Amino acid sequence: MPRVIACDIATTRHGTPIEPCNFNRSFDRCIAAARVPRITVHGTRKTCASLLAALDVHPRVAMRILRHSKIAVTMEIYTEAPSDATRNALRKLVTCSRDLLA
């Protein structure tokens with residue numbers, strides 16, 4: 001399993017940087033094992049940003065979570081405005097998750 005060191009570089013178990021193509025192959029294997037629809041690593045970042053917006057997380061907090069240096073990148077490129085249906089679905093998901101974990 002890759003580890004992240006202080007300067008945010010994912011490394012192998014030997015401490016060398018992970019090659020992007022190797023990371024993507026490993027990520028694809030995880031997606032296949034989880035039996036979920038294929039998504040790119042970049043797609044996971046965009047999904048995370050949109051979910052944070054749907055959960056009403058302050059844009060500056062989302063910016064820090066996504067490690068962006070400019071708020072415009074977070075708001076204009078990564079974040080999609082959620083519909084009311086999306087917000088309701090997320091609320092139900094949170095409620096269901098809490099019930100399962102209780």
Normalise the Debye intensity by I(0) for segment 33-99, one equal point scatterer per Cα, no solvent, then take log10 at q = 0.13, 0.28 Å⁻¹ and round to two decimals. -0.41, -1.17
Could you please report the charge total around Asp99, scoring K, R as +1 and D, E as -1 over all other residues with beta-carbon less than 14 angstrom from its beta-carbon? +3
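Every number here is computed from the coordinates shown, using simple stated rules; none is lab data. No experiment lies behind these values; they were computed from the predicted model shown. For neighbour counting, all protein chains shown are included, and Cβ atoms are generated from backbone atoms with ideal geometry for every residue, glycine included.
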